[in-house]
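K.L.:
Sharing a structure, written as structure tokens. Questions coming.
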Amino acid sequence: MSDQTPQDPYAVPPAGGYPPPPPAGYPAPTYPAAGYPGGQAPKPGAGALSIVALVVAIIALIICWFPFVGGAAALIALILGVIAWVSAKKSGRPAGLAIAATIVSALALLVGIVISIAFLALIGRTQDADEYCKRVSTTQATYDQCMSDQVSDWFGIDTTS
């Protein structure tokens, strides 16, 4: 047996220095790994692509009321959302934000398409009304009255008052 006595591990270290090394024969201290034994380390949170997709989807939902522009932004957001969703599933990360981005962008795309179609239909009807009113009108006043009558017929509004 050695003639060294074990040092007190709770003793105050000497002034001006580091604590003395552990005596020979003692193993170095070990610390348990983070988390539960045998468990996997937690996956990081939502990826940056999911956040970007959700932000672009929200912007697309706001601007989807503008013909063509909103639909294009929604299509970009939908593509980003699907890519983020697939990426999250492959890496085992939560896919909630990517799913939300996909749903919001799909809704914005649907509204954008409907608005764009309605806009094109309105332009077509306006051109037809313009051609008709040019044929039947002889003065600017009769043309204006004809166009006013056409618009009131479309929307069921009485513009004579």
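The values are calculated or read from the model by the stated rules, or taken from the named source; none is laboratory data. Computed from a predicted model, the values in this text were never measured in an experiment. Note that we place each Cβ from the backbone using ideal geometry, even for glycine, and neighbour counts take in every protein chain shown.
K.L.:
Could you list, in sequence order, the residues of segment 71-102 that are in contact (Cβ under 8 Å) with a residue 40 or more places away in the chain and either under 16 Å from LEU54 (Cβ atoms) or among the charged types (D, E, K, R) (or both)?
P.N.:
Across segment 71-102, the qualifying residues are SER87, ALA88, ARG93, PRO94, ALA95, GLY96, LEU97, ALA98, ALA100, ALA101, THR102.
K.L.:
Further question: Pairs under 6 Å by beta carbon, first residue over 18 Å from THR102 (Cβ atoms) and surrounded by fewer than 17 Cβ atoms within 10 Å (Cβ to Cβ) in segment 41-67, partner basic (Lys, Arg) and modelled with pLDDT under 90, six or more apart or different chains?
P.N.:
As it stands, the answer is LYS43/ARG93, since those pairs meet every condition given.
K.L.:
Filter segment 117-133 down to the residues that are among the acidic types (Asp, Glu) and out of contact with any helix residue (DSSP H, G or I) (no Cβ under 8 Å at 6 or more places or on another chain), then identify the one that is surrounded by the most Cβ atoms within 10 Å (Cβ to Cβ).
P.N.:
ASP128
Conditions tested, residue by residue: (1) at pLDDT below 90; (2) surrounded by 12 or more Cβ atoms within 10 Å (Cβ to Cβ); (3) farther than 24 Å from TRP154 by Cα.
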{"site": "LEU78", "(1), (2), (3)": "no, yes, yes"}
{"site": "ALA88", "(1), (2), (3)": "yes, yes, yes"}
{"site": "VAL114", "(1), (2), (3)": "no, yes, no"}
{"site": "ASP144", "(1), (2), (3)": "yes, yes, no"}
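K.L.:
Ok, one more. Output the helices (runs of 4 or more DSSP H) that fall wholly within segment 43-161 and possess 3 or more residues being touching a Leu at 6+ places or on another chain (Cβ under 8 Å) and hydrophobic (A, V, I, L, M, F, W, C), or say none.
P.N.:
Counting at least 3 such residues, we get 48-63, 69-91, 96-136.
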